[in-house]
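These notes are about the structure you will find just below.
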Amino acid sequence: TMADSGSSEEVAVIGNTDLTSTESENNFINTMMEKETALLRKMEINVAEAEKRTGKNTVNMQETYTVYLIETRPAETVPEGGTPAAPDTLWRRYSEFELLRTYLLVTYPYIVVPPLPEKRAEFVWHKLSADNLDPDFVERRRVGLENFLLRVASHPVLSNDKIFFLFLTEEKGWREAVLETGFQDKADSRLKSLSAMFRVKNPDKRFTALKQYSDEMNTVISQLLRVRARVADRLYGVYKVHGNYGRVFSEWSAIEKEMGDGLQSAGHHMDTYAASIDDILEEEEHYADQLKEYLFYTDAVRSVCRKHDLLQYELEMAAQDLAHKKQQKEELATGTVRIFSLKGMTSKLFGQETQEQRESRLAALEQSIREEEEVVKEKNAECREFVRTAWDDIERFKEQKDKDLREALISYAIMQISMCKKGIQVWSNAKECFNKM
């Protein structure tokens, strides 16, 4: 930057900001992929195309749905002039991607699991279809699903998962394999997580701060997407109205002799300008999708926080049980009762228990205390391990987020500059036409 070079004043320079199609394509597909994992060194992964199909659903009703073609091929360098190996291909429905992600969430609760692209279009502006079978929406979702697979494949832990590998390579039998893992039995109920969140006595400050951050980030990105949809609406209108200049200039040219050609040409430039907005906003939609990915990532972060609350709550409950049993032991050993109990009341009414009964109760309590101490020890270790692994992944995620969002915003700005330059070009061309009249 300018500041680094010791210059005291900043100069705004507009260089060549037009992106080549491959540059912009790379910007969409992949804002950031981690350092190569063993899986990505071994195979290339693409979601090559989408196809609409019709079939019977589980309740025997006819339905139309979209399937996505996943291509994998060995990641080997092809000698010059050689042909790359033919890819292995299989089709997957969106619901199978959902099942994969649910499995990853349950199996790796300490990881910020990458989100899937939206199921139905959100934050749409008026010309955008909210229909989930709309070809433009399906194409953007195809890009989003490929991004999801690459995110998982580039994750240092998730990329080694066997079920994920089967998802990419085994069309038949994959669903059975994922269900056989029994992951559904390990899933925490929403209600359980919610009650834990409200009843934890000593929440970890770092996780509380992280939860608050993800809530605020969700709000900010939602606002950004709403503003962007409003701007897209306005822009669309402004560009299309320029088409009226084209029509008027064209009609005017018909009644002029010397000025006719110039007006006609200027009208063509205006028509071109009005037509260009469709492609511009379609491209812009990809940048909106990059922001949406982080909108959905905030929920993945909250999911890690919820799991931590649950573990912390279970630890506190176990510690409370242990304290209660130790107090019972003390009361039994000394014969003093600190709190009212039905047992104490019964012994007052029906006489004291024998020494033998008391000793056997004491022995049972001591055994129970030893077991409870073991539970507390285990819960403590589990909680510490969760914090350690979760924090590692959160640090990795933060680094990825900063890099991604910075790149997405820069690309968006470059696109806006490029759009403005095209507008200047159109009016410069029109000016030339007027000059020649």
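Which order do the peptides 149-160, 269-280, 41-52 take when ranked by the mean count of other beta-carbon atoms within 10 Å per residue, highest first?
On the way: 149-160: 20.1, 269-280: 17.8, 41-52: 15.1.
The packing order, highest mean first, is 149-160, 269-280, 41-52.
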Along the principal axes of its C-alpha atoms, what lengths does region 208-273 span, in descending order and rounded to whole Å?
75, 12, 10
Cα centroid distance between region 99-125 and region 259-323, in Å?
13 Å
So the pair-distance distribution of region 164-323, from every Cα-Cα distance in 5 Å bins, comes to percents of 1, 7, 10, 9, 9, 9, 9, 9, 7, 6, 5, 4, 4, 4, 3, 2, 1, 1, 0, 0, 0
Size of electric dipole in region 47-171: Cβ of Lys, Arg +1 and of Asp, Glu -1, about Cα centre, debye, nearest 20
380 debye
For region 126-279, which whole percent of the accessible surface, found with a 1.4 angstrom probe, sits on carbon and sulfur atoms?
56 percent
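What is the sum of charges, Lys and Arg at +1 and Asp and Glu at -1, for the other residues whose Cβ falls under 12 Å from the Cβ of LYS436? Mind showing how you got there, number by number?
Values: positive: LYS431; negative: GLU258, ASP261, GLU432.
It works out to a net charge of -2.
Mind checking the dipole of region 366-409: about its Cα centre, +1 per Lys or Arg Cβ, -1 per Asp or Glu Cβ, Debye to the nearest 20? Could the numbers behind the result be given before it?
Details: 10 positive and 15 negative charges, 73 e Å.
Dipole about the Cα centre, nearest 20: 360 debye.
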If R0 = 45 Å, then THR208 and LEU179, at their Cβ-Cβ distance, give a FRET efficiency to the nearest 0.05 of 0.80
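Between their Cα atoms, which of LYS379/LYS401; LYS56/LYS119; LYS172/LYS307; LYS205/LYS401; LYS205/LYS398 are more than 26 Å away from each other?
Details: LYS379/LYS401 32 Å; LYS56/LYS119 20 Å; LYS172/LYS307 33 Å; LYS205/LYS401 22 Å; LYS205/LYS398 18 Å.
Checking Cα-Cα distances, LYS379/LYS401; LYS172/LYS307 exceed 26 Å.
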Measure of compaction for region 359-437 (Cα Rg per 2.2 N^0.38 Å):
2.90
Tell me which of LEU281, VAL200, ILE255 sits at the most positive position along the dipole axis of region 177-281, charges placed on C-beta atoms (Lys, Arg +1; Asp, Glu -1).
VAL200
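Considering just Cα atoms, how many Å³ per residue does the convex hull of region 249-338 enclose? Intermediate values should be presented prior to the final figure.
On the way: hull volume 9.2 nm³, N = 90.
Spelled out: Cα convex hull of region 249-338, divided by residues, is 102 Å³.
Based on the alpha carbons, how large is the Rg to Rh ratio for region 50-183 when Rh follows Kirkwood? Let's see the in-between values first.
Numbers: Rg = 16.8 Å, Rh = 16.8 Å.
Computed over Cα atoms, the ratio is 1.00.
The values are calculated or read from the model by the stated rules, or taken from the named source; none is laboratory data. Given the structure is predicted, the values throughout are model-derived calculations rather than measurements. FYI the Cβ positions are ideal-geometry reconstructions off the backbone, even for glycines, and counts take in every protein chain you see. Just the protein is used for accessible areas: all its heavy atoms, side chains included, with ligands, DNA and RNA removed. Shrake-Rupley method; radii C 1.70, N 1.55, O 1.52, S 1.80 Å.
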